[in-house]
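Each remark here refers to the structure printed beneath this line.
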């Protein structure tokens, strides 16, 4: 029986100590092999040509050329899935916009627990990235305002969105294409807790909608978007004629906290046919059963198609179990959503 080919990883970081930490950590998994390390983008380019890695991990702050510019120049010629490893900074979203498929925060190098947790998460992300497509990012269509519909007309409606790998850019494209006159939107994106607020702030600055990281007790309101905190589940409850979110600590569901299934299940019960569910790119199956539950309760459902997904995992499972009513490319999701509302 032929042995399974290992996933080849190139580590790019200007710190010799961190290159060693990464290399040793990745090597603990039998399915991965670090083919080499590189100290900067120029060194990395030579080693990409030599080893043809399946996945590259890349620091953002490096001498001679920063990681974002490197990714932007690299991917048109060598479409390698890139995982950005960075200090806590909004620069990771610039890297995602440049074409990286995922990101992870650097650990506290002096904490064994922090490093161990980081390596565990990184290995998972490398395996997900090895199946990812490097999708060229399209500029979102400008959001169109609707003069014929008042915001208040959507008070009884709610939109729930779930995503994982590649989801930050996918969500950005959808949200920035929507007019201000939309029902309240609740979103679960698998994201480290330190970055969820930055992600919300970035969306708020690039869309017509008001976007914020959700807090326990927030109401879902027309024209507003709530992003689940990166370390809290989020569910929706119906309070009178309004929707309210609860953000709470809990065990991981389908390997994740926050979990898309937790959100979708709650929206199914709280809103029924007044909801629309959208499942976007991501590794695994989180959200598929919840989307099916929404559909069973009368909600309309949308799934991202394979061609436009960075990882066609979550949308594929949802589609295969019959949870998706309409499967469309990413750049058609906003228009499909608006059409469903009309």
Just give me the residues in segment 205-249 being on the phi > 0 side of the Ramachandran plot and out of contact with any helix residue (DSSP H, G or I) (no Cβ under 6 Å at 6 or more places or on another chain), in sequence order.
217, 240
Could you list all residues from segment 313-342 that are under 17 Å from residue 274 (Cα atoms), in contact (Cβ under 8 Å) with a residue 40 or more places away in the chain and assigned to a helix (DSSP H, G or I)?
337, 338, 340, 341
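Have a look at 134, 34, 92 and point out the one that is at pLDDT 95 or above and either under 23 Å from the mean Cα position of the chain (by Cα) or more than 30 Å from residue 331 (Cβ to Cβ) (or both).
On the way: 134 fails: at pLDDT 95 or above; 92 fails: at pLDDT 95 or above.
The unique qualifying residue is 34.
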Selected residue (criterion: surrounded by the most Cβ atoms within 10 Å (Cβ to Cβ)) from residues of segment 243-256 that are touching a strand residue (DSSP E or B) at 6+ places or on another chain (Cβ under 6 Å) and in contact (Cβ under 8 Å) with a residue 24 or more places away in the chain
243
Filtering segment 23-48 down to residues that are over 21 Å from residue 69 (Cβ atoms) and surrounded by 15 or more Cβ atoms within 10 Å (Cβ to Cβ) yields 23, 25, 26, 29, 32, 33, 34, 35, 36
Which of the residues spanning segment 40-59 are farther than 18 Å from residue 134 by Cβ and within 28 Å of the chain's Cα centre (by Cα)?
40, 59
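The values are calculated or read from the model by the stated rules, or taken from the named source; none is laboratory data. This one's a predicted model, so the numbers in the text were calculated from it and none came from an experiment. Backbone-built Cβ (ideal geometry, glycine too); neighbour counts: all protein chains shown.
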